[in-house]
Each structure stands twice: as structure tokens, then as C-alpha cells.
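Visitor: First the structure, then my questions, so here it is.
The values are calculated or read from the model by the stated rules, or taken from the named source; none is laboratory data. Everything numeric here is computed off the predicted structure, so don't read it as measured data. Here the Cβ is made from the backbone with ideal geometry for all residues, glycine too, and neighbour counts use every protein chain on show.
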Amino acid sequence: MKIIMLGAPGAGKGTQSERIGAKYGLPQISTGDIFRANLSAGTELGMKAKTYMDAGELVPDELTCDLVVDRISKDDCANGYILDGFPRTLAQADLLTKVLAESGDKVDFAVNVDVPDENIIARMSGRRVCGKCGKPYHIVNMPPKVEGICDNCGGELIQRKDDLAETVKNRLTVYHDQTQPLIDYYDAKGCLVTVDGTKDIDEVFADIIAALEA
Ligand code: ADP
Ligand code: AMP
């Protein structure tokens, strides 16, 4: 099963894709996590991506597409995967369609986690992520068992630089301009599933599973 996650920044794509991945034994591939890991490791890709990420802009397609094509060709993706944060532009979506079609394949589900802008800013100000494994938390909605420490790997929880309110506003503008059109793109392909992302985390997950198994 090949799933892509759509939705505004902070809609809950990472939270839900981690759970979907655990349920079906599929790798969760987050382009944002890949860029952040490169940044921590001080690679050239990380350095190039940093300027765009800090400003809340998209990293150019030429830096993004190759790494995804390479990642989904790995052995652990043979039975499918969940793309969290890719595609984010029509050019990225077209490329993914083309690459999959070369092996007679396609995206099975595009899961759109729908959350209005007014809910996003509050969510993002409370988001904390593990500096080591990237798992997302929320200081109110999804706190870790021990404050400041990741349940998964014991890493330290940090606030992302691009979760500051001003940057979040720009990320929302970029989302509406460049990523939202993908909802119609995947609807036209007949694989769009939209869930109400304002419900609590367990309910959103149950709605997604119900749609995938309908
Ligand atoms: P995205 O990957 O779409 O940017 P995340 O999964 O990181 O979003 O979620 C953003 C923030 O909102 C996190 O702090 C997360 O704990 C919280 N969150 C996710 N889903 C919900 C939900 N359904 N209700 C309330 N808070 C949520
Ligand atoms: P995320 O962790 O998904 O919120 O992504 C954080 C940041 O990484 C985004 O604001 C972009 O700057 C960059 N990024 C992640 N995925 C993509 C993508 N598919 N295309 C372009 N930029 C991306």
C-alpha cells in the first residue's frame, strides 16, 4: 500500500503516519525529517535546505525529488510506504506519478488531514519534536510520559525553529498556494480520502483506518 499524506503544516500528518506505519508495518518517510537529519549531520543538502526551512519556504524540487525517488527504491519500501510531507507541489506529484507508472504502479490513497488555519497556530506553538528520532508531541494534546524526553528513544524534545508564529503564517500561505492544489489532483485520480483533523488524535486515526479498509 502506497499512501501519501496531505494537509496543512501541523494538521497531524506526522502523528497519523507514524500510527498508520505501525499498524501496517510500512515505513514512514518524512521529507522534513530527512532534511532535519541532514541539517544536524551538517551535510551539503542540509545546509542548502536550511535557508528555505527557516523561512517557512519549500525546499526546491530539484533538491527534494531525487532523495525521495532514491528512498522509495530501498528494500524496506517493497510492500509500500507512507510519504509524509511529499509531494508538496504539482511538479513533485507529477514526478511521483511518473516514477510509479514506470513500474505499473500508483498511489493507493492520498489522505488529506483537514484542519482550518485558525487551529494551526495554537497547535504549532505547543508542538515539540524529538531531536533524535523526530517523533512529534504536543505539550497539552500529546505530552510525553516524562516531560521533555521522547517516549520512543529517550531523546531530548525540542521546539522547531519554523514553529514560531511568524514562520507558521508563511508556511500556511505557501501551503495554500503550492500544496492545496494537490487535493484536487488526487481527487481527480480517485484516491483521495479526507478526514476531519480537528477531532482528537485517536478519532482521526480511526477515521483514516476506516477509510483505508472500506
Ligand atoms: P504535521 O506532520 O502535519 O506537521 P504533526 O503530526 O507534527 O503535524 O502535528 C502537529 C502538532 O499537533 C503536534 O504537536 C501534535 O502532537 C499535535 N496534533 C496532531 N494531531 C492532533 C489532533 N488531532 N488534535 C490535537 N493535536 C494534534
Ligand atoms: P515538515 O517537517 O513536513 O513540516 O517540513 C519542514 C520543512 O521542510 C518545510 O517547511 C519545507 O521547508 C521542507 N520540506 C519538507 N518536505 C518538502 C517537500 N516535499 N518539498 C519542499 N520542501 C519540503
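Visitor: Look through the stretch 36-51, keep the residues that are buried (at least 17 other Cβ atoms within 10 Å of the Cβ) and closer than 21 Å to Glu166 by Cα, and return whichever of them is modelled with the highest pLDDT.
Guide: Once the filter is applied, the top-ranked residue is Ala49.
Visitor: If you check Arg88, Arg71, which single one turns out to be surrounded by 16 or more Cβ atoms within 10 Å (Cβ to Cβ), near ligand 2 (Cβ under 7 Å from one of its atoms) and at pLDDT 95 or above?
Guide: Arg88
Visitor: Report, by residue number, each residue of the stretch 51-68 that is within 9 Å of ligand 2 (Cβ to nearest atom) and assigned to a helix (DSSP H, G or I).
Guide: Correct list: Tyr52, Met53, Asp54, Ala55, Asp61, Leu63, Thr64, Cys65, Val68.
Visitor: Follow-up question, since we're still on this one. Would you point out the residue of the stretch 156-184, among those that are touching a Pro at 6+ places or on another chain (Cβ under 9 Å) and not hydrophobic (A, V, I, L, M, F, W, C), that is farthest from Asp54 (Cα to Cα)?
Guide: Result: Thr179.
Visitor: Quick check on the stretch 204-214: of everything there that is surrounded by fewer than 17 Cβ atoms within 10 Å (Cβ to Cβ) and assigned to a helix (DSSP H, G or I), which residue is farthest from ligand 2 (Cβ to nearest atom)?
Guide: Applying the filter and picking the extreme gives Ala210.
Visitor: Do we find that Asp151 is touching a residue at least 12 places away in the same chain (Cβ under 8 Å), under 16 Å from Gly85 (Cα atoms) and within 13 Å of ligand 1 (Cβ to nearest atom) in this structure?
Guide: No; evaluated as a whole, the condition is false for this residue.
Visitor: Among (1) assigned to a loop (DSSP other than H, G, I, E, B); (2) within 15 Å of ligand 1 (Cβ to nearest atom); (3) of a type outside the set (Val, Ile, Thr), which single condition is Arg19 missing?
Guide: (1)
Visitor: Which ones in the stretch 182-203 are part of a helix (DSSP H, G or I), touching a strand residue (DSSP E or B) at 6+ places or on another chain (Cβ under 8 Å) and closer than 13 Å to Gly7 by Cα?
Guide: Scanning the stretch 182-203 gives Leu182, Ile183, Tyr186.
Visitor: Report yes if Gly197 is under 16 Å from Arg19 (Cα atoms) and under 17 Å from the mean Cα position of the chain (by Cα), otherwise no.
Guide: In short, yes.
Visitor: Further question: Which of the following residues is closer than 19 Å to Thr179 by Cβ and modelled with pLDDT under 95: Asn112, Asn119?
Guide: Just a single option satisfies the conditions, and that option is Asn119.
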